[in-house]
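Colleague: Got a structure here, written out as structure tokens. Questions coming.
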Amino acid sequence: MRRSLLPPFISPVFVALAFAGCTATPTKPAPAVAALPAAATATATPVAESPAAPARDISAARAAFVRSTAQRFNIPAAEIEATLARAQIRESIIKAMSRPAEAKPWRDYRPIFIQPARIDGGRAFLEKNRAALQRAEDKYGVPKEIITAILGVETSYGGNKGSYLVIDALYTLAFAYPRSGNPEKAAYEDKREAFFRDELAQLFALGKEEGLDITQLKGSYAGAMGWGQFMPSSYRQYAVDGDGDGRRDLFNDLDDVFASVANYFASKGKWQRGGQVMLAAVRDPVAADFVNPGNAVTLDQTAAGLQALGYRSPEAVAAGAAQPATLITLEGRAGPEYWVVFNNFKAITTYNISRLYATAVYQLAEAIAGRGVAGA
């Protein structure tokens, strides 16, 4: 999250699509963490491979990285060099990042996450951890079913936290980000590489602050880590100590995990306690198409204004006719679905900018809570 957890230019979901069963709450590790347990298979499972040769000379860029990171975070340059000496540029990571995101319509995307096994697993997980989830909800205002749904979508309730070495993932993408060879995309690809180079630096800072051996951490092929798949910068900025033990452990401590996800939404997403997320609308036959371009959700309408444009949602008007909102259109099984979305929907998109992702999280949360979703 990575910064939001994952920036707009990263593929929408870094999780396996297969459901992994609800896992028991792990015991807390000793304060000094030298290594973490291997996680379940990631979306793109790493295979045995030889390190890939970088496509270009990275020596100057790497030397500059060592100098800047040492100065920025007061870490000995020799220590950074020694750690980077253990990192490898991995072809499997380059290939995973090179694959274009699969653009699914909502009718195909929804069944991946809104399905019986994931719903039942979420209910069992919530019940098992109800007290800790309730504490996070009480403090930050984010419903426990939303926190649960995030973990269900990201890591199948902790069953699939990723199996790539984070140091390899970030080192690969920081210095060998895949290039298309298209001059028109060069600036965009430079920006992505710069993002991952900063995340690699943030990983060194995180290791120093939390006492982690960063050469042993495992996560996604993009370097997202733990139950909630936080990127290093988000871990540093938004992770909190949920149980007062003096540590912020997003790998093993569920109190910290729940509180950190909730804090992310409250701090980064400006979650509104008790606020609406999304409500179904009906389009009048004569209504003009509503254009809501781009990825980011811009709340530049109101429910009353949308109704005047021919997108009727009595529930949305009743919830607050004048509160900021907008309309999104999804390709459903029976045709277009129209939804009035509010601030808390936008808050979910700060975790992942995809509107499909945000909708899946909300509808999974509603299903876990035993509530139907009108229009779904």
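The values are calculated or read from the model by the stated rules, or taken from the named source; none is laboratory data. Keep in mind the model is a prediction, meaning the values are calculated, not measured. Reconstructed Cβ throughout: ideal geometry from the backbone, glycine too, with neighbour counts over all protein chains shown.
Colleague: Counting only residues that are β-branched (Val, Ile, Thr) and closer than 24 Å to Glu91 by Cα, which one in the range 140-190 is surrounded by the fewest Cβ atoms within 10 Å (Cβ to Cβ)?
Modeller: The extreme case among them is Ile167.
Colleague: Here's something else I'd like to know. Inside the range 260-297, can you point out the residues that are assigned to a loop (DSSP other than H, G, I, E, B), among the β-branched types (Val, Ile, Thr) and over 21 Å from Ala318 (Cα atoms)?
Modeller: Within the range 260-297, Val286, Val291, Val297 meet the criteria.
Colleague: Also, quick follow-up: Quickly run through the range 170-212 and pick out the residues that are assigned to a helix (DSSP H, G or I), over 21 Å from the mean Cα position of the chain (by Cα) and among the aliphatic types (A, V, I, L, M).
Modeller: Of everything in the range 170-212, those that are assigned to a helix (DSSP H, G or I), over 21 Å from the mean Cα position of the chain (by Cα) and among the aliphatic types (A, V, I, L, M) turn out to be Ala186, Ala187.
Colleague: Looking at (1) surrounded by fewer than 24 Cβ atoms within 10 Å (Cβ to Cβ); (2) in a helix (DSSP H, G or I), which is the one condition that is false for Thr215?
Modeller: Unmet for Thr215, out of (1) surrounded by fewer than 24 Cβ atoms within 10 Å (Cβ to Cβ); (2) in a helix (DSSP H, G or I): (2).
Colleague: Have a look at Gln301, Gln202 and point out the one that is more than 30 Å from Ala318 (Cβ to Cβ), polar (S, T, N, Q), at pLDDT 95 or above and surrounded by 15 or more Cβ atoms within 10 Å (Cβ to Cβ). Walk me through it before giving the result.
Modeller: Values: Gln301 fails: more than 30 Å from Ala318 (Cβ to Cβ).
Criteria check complete, one pass: Gln202.
Colleague: OK, next. Kindly provide the set of residues from the range 263-298 that are of a type in the set (Ser, Thr, Tyr) and either more than 28 Å from the chain's Cα centre (by Cα) or crowded, with 17+ Cβ neighbours inside 10 Å (or both), ordered by number.
Modeller: Within the range 263-298, just Tyr264 meets the criteria.
Colleague: Moving on. So how many residues does the range 143-155 have that are over 13 Å from Val257 (Cβ atoms) and either assigned to a loop (DSSP other than H, G, I, E, B) or of a type in the set (Asp, Glu) (or both)?
Modeller: Here the count works out to 2.
Colleague: Sticking with this one: Taking the conditions exactly as written (in contact with a helix residue (DSSP H, G or I) (Cβ under 8 Å, 6 or more places away or on another chain) and over 18 Å from Ile58 (Cβ atoms)), does Lys139 satisfy them or not? Lay out the reasoning, then the answer.
Modeller: On the way: in contact with a helix residue (DSSP H, G or I) (Cβ under 8 Å, 6 or more places away or on another chain): yes; over 18 Å from Ile58 (Cβ atoms): yes.
So Lys139 fits the description; yes.
Colleague: Okay, next question. Does the range 67-116 hold any residues that are among the small types (Gly, Ala, Ser) and either assigned to a helix (DSSP H, G or I) or surrounded by 14 or more Cβ atoms within 10 Å (Cβ to Cβ) (or both), and which are they?
Modeller: Within the range 67-116, Ser68, Ala70, Ala77, Ala78, Ala82, Ala87, Ser92, Ala96, Ser98 qualify.
Colleague: On to the next question. Which one of these is farther than 23 Å from Gln272 by Cα, touching a Lys or Arg at 6+ places or on another chain (Cβ under 8 Å) and surrounded by 16 or more Cβ atoms within 10 Å (Cβ to Cβ): Tyr311, Tyr338?
Modeller: The unique qualifying residue is Tyr311.
Colleague: Which ones in the range 90-107 are modelled with pLDDT of 90 or more and hydrophobic (A, V, I, L, M, F, W, C)?
Modeller: If the condition is that a residue be modelled with pLDDT of 90 or more and hydrophobic (A, V, I, L, M, F, W, C), then Ile93, Ile94, Ala96, Met97, Trp106 are the ones that fit.
Colleague: So is Tyr221 of a type in the set (Phe, Trp, Tyr) and closer than 27 Å to Asn160 by Cβ or not? Full working, then the answer.
Modeller: Details: of a type in the set (Phe, Trp, Tyr): yes; closer than 27 Å to Asn160 by Cβ: yes.
Yes: the conditions hold for Tyr221.
Colleague: OK, next. I need a count of the residues in the range 234-262 that are within 17 Å of the chain's Cα centre (by Cα), surrounded by fewer than 22 Cβ atoms within 10 Å (Cβ to Cβ) and small (Gly, Ala, Ser).
Modeller: Total meeting the criteria: 0.
Colleague: Related question: Given the criterion surrounded by 24 or more Cβ atoms within 10 Å (Cβ to Cβ), in contact with a Phe, Trp or Tyr (Cβ under 9 Å, 6 or more places away or on another chain) and within 12 Å of Gly158 (Cβ to Cβ), identify the matching residue among Gly228, Gly223.
Modeller: Gly228
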